[in-house]
Structure formats: C-alpha cells, structure tokens
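Asker: Below you'll find the structure I mean.
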Amino acid sequence: MKLTTASILLALSVLLAACAGDPRREGPLDPRMVEKVAAVTLDPAQAGRILNAYRASQGLGPVRPDPRLMAMAQRQADAMVKANALSHDAGGSFGSRIHAAGIDSARAAENLGGGYFSVEEAFDGWRKSPGHDTNLRMKEATRYGIALSKDPRTTYRVWWALVVAADPEPRVTMGYGDSPPQPR
C-alpha cells in the first residue's frame, strides 16, 4: 500500500513539475551565450518587410503594424520567458488575450517561437512549420504585432511572438423595422 501511495505521489509531483515549465539555468552562464543573447534585436519594420515579402510571393496582400497587436505579442513573449514555457497559454488563452487587448477581429492567429537568434531565423522556422505557415498566409490578415523577449537562463533564451489579424468587422446597428444586411 505504501509503495502505491508513494508511486502516485511521485507521478503527481512529476506532472506538476512539467506544468511549471523547465527550471532556469543555475550557476555561471557561458559569457559567449550571454553576449549572443544580448545581441538579438527586433526591428518591427524589418519583420513587416520580411512578412510582406513572403505574403506577396504567395499572392497575398500586405499587413501593417498595429500597436495593440504589438503590445499583445510583447505580453505573450514576456509571459513565456517568465513561465520558461513555449506555450500559447503562458499569458492566458489566446481567445482571452485577444479579448483583453480589445482586438475585435473574427480572424486572428499567433505564432510563437523559441531559440531563434534573429527575426530571419524566426520567420524561416515559421515558414517551415505547416501550422505557422498557414498563419503567415492568412488571406484576411491586414495587421500584425511581433515581439521578442530574452533571458539567457531560460530553456530557449530567446522567445518570439507574432500575432496577425484581420481588420475588425464593421458593426451593423439596426433600428426597428430595418432589414438585415444582404450578402454581397
């Protein structure tokens, strides 16, 4: 009986540890890695050029930077660093984060990445992943937000978040006796 209880407790502790994310690196860090992480930068305009060049090569329209999506992406990148977990739920569910950011969009998607040491590497990784590539090629997308967060003690050291979204759908206000809008 004690062996079974101990086994159950051990299994639960392993599961709980997995939910908490990986432990951070302890002790001295490799100075070259610290320098490499420190050198990683993000120019959102450059990211937009990369994204728009790719979209144009696929016959898709351009996207423009959106301050609310930038802020949302930054909160997610920071949450992943804090949790040391590459997860769409690190900062709350995607749907709840879209709502909290005041994004009124029927179409929105998020790409996350870790361990890429340049924006070019991040986009290359996303293009090679079918699900992430689908998000990059979302035909309704008109705006984007991208962010970077770093901590050399975490698993991936460099964390990326990209959010793309369509423009908000116009709201239709109807008065008494009005006909609903007809499909075009």
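Asker: For the range 20-173, with only Lys/Arg (+1) and Asp/Glu (-1) charged at the beta-carbon, what is the dipole magnitude about the Cα centre, in debye rounded to 20? Before the final figure, lay out the partial values.
Answerer: Working: 21 positive and 18 negative charges, 20 e Å.
Roughly 100 debye, rounded to the nearest 20.
Asker: If I take R0 = 25 Å and measure r between the Cβ atoms of S57 and E169 in this structure, what FRET efficiency does the formula 1/(1 + (r/R0)^6) give, to the nearest 0.05? Each step should come with its number before you reach the end.
Answerer: Details: r = 28 Å, r/R0 = 1.11.
With R0 = 25 Å, the Cβ-Cβ based efficiency is 0.35.
Asker: Per the Kirkwood treatment, what hydrodynamic radius in Å, one decimal, follows for the range 98-163 from the mean inverse distance over all distinct Cα pairs?
Answerer: For the range 98-163, inverting the mean 1/r across all distinct Cα pairs yields 12.8 Å.
Asker: Can you tell me what the convex hull of the Cα atoms of the range 21-154 projects to on average, as an area in nm²?
Answerer: Numbers: hull surface 32.9 nm².
Across all orientations, the range 21-154 yields a mean hull projection of 8.2 nm².
Asker: Sticking with this structure for a sec: For the full complex of protein chains and a 1.4 angstrom probe, list V119, V34 by accessible area with the highest value first.
Answerer: So, going from the largest accessible area down, we get V34, V119.
Asker: Moving on to the next point. Of the accessible area of the range 41-116, with the probe set at 1.4 angstrom, what percent is carbon plus sulfur?
Answerer: C and S fraction of accessible area: 56 percent.
Asker: What aspartates and glutamates could a cross-link reach from K82, if we take a straight Cα to Cα line under 20 Å and drop same-chain neighbours fewer than 8 places away?
Answerer: D22, E26, E110, D151
Asker: At 7 Å along the Cα-to-beta-carbon direction for both L29 and H99, put a label point, then send me their distance in nm to one decimal.
Answerer: It works out to 3.6 nm between the two label points.
Asker: Something else now. How much accessible surface does E169 have with a 1.4 Å probe, in Å² rounded to 10?
Answerer: 120
Asker: Could you tell me the accessible area of H88 in Å² (1.4 Å probe, neighbours in place), rounded to the nearest ten?
Answerer: 80
Asker: Okay, moving on. Could you order Y156, Y144, Y54 by accessible surface area, starting with the largest, using a probe radius of 1.4 Å? Present the calculation step by step, with values, prior to reporting the outcome.
Answerer: On the way: Y156 85, Y144 5, Y54 40 Å².
Sorted descending by solvent-accessible area, the residues read Y156, Y54, Y144.
Asker: Suppose accessible area is computed on protein heavy atoms with a 1.4 Å probe; arrange R97, R32 from highest to lowest. Working shown, then result.
Answerer: Working: R97 25, R32 180 Å².
Result of the area sort, largest leading: R32, R97.
Asker: Where Lys and Arg each count +1 and Asp and Glu each count -1, what net charge lies around R107 among other residues with Cβ under 14 Å from its Cβ? Don't skip to the end; give the middle numbers.
Answerer: Working: positive: R137, K139, R143; negative: D66, D104, E110, E140, D167, E169.
Result for the local shell: -3.
Asker: Testing the spin-label approximation: label points 7 Å from Cα along Cα→Cβ at E120 and S87. State their distance in nm.
Answerer: Going by the 7 Å Cα→Cβ label model, 3.4 nm.
Asker: May I pose another question? Considering every Cα-Cα pair within the range 50-112, what fraction, in whole percent, is farther apart than 12 Å? Mind dumping the intermediate values first?
Answerer: On the way: 1400 of 1953 pairs.
Value for the range 50-112 (Cα pairs over 12 Å): 72 percent.
The values are calculated or read from the model by the stated rules, or taken from the named source; none is laboratory data. Bear in mind that the values here come from a model prediction, so they are computed numbers and not experimental data. Neighbour counts are summed over all protein chains in view; Cβ atoms, including those assigned to glycine, are modelled from backbone coordinates with ideal geometry. Side chains included, ligands, DNA and RNA excluded: accessible areas come from the protein's heavy atoms. Shrake-Rupley method; radii C 1.70, N 1.55, O 1.52, S 1.80 Å.
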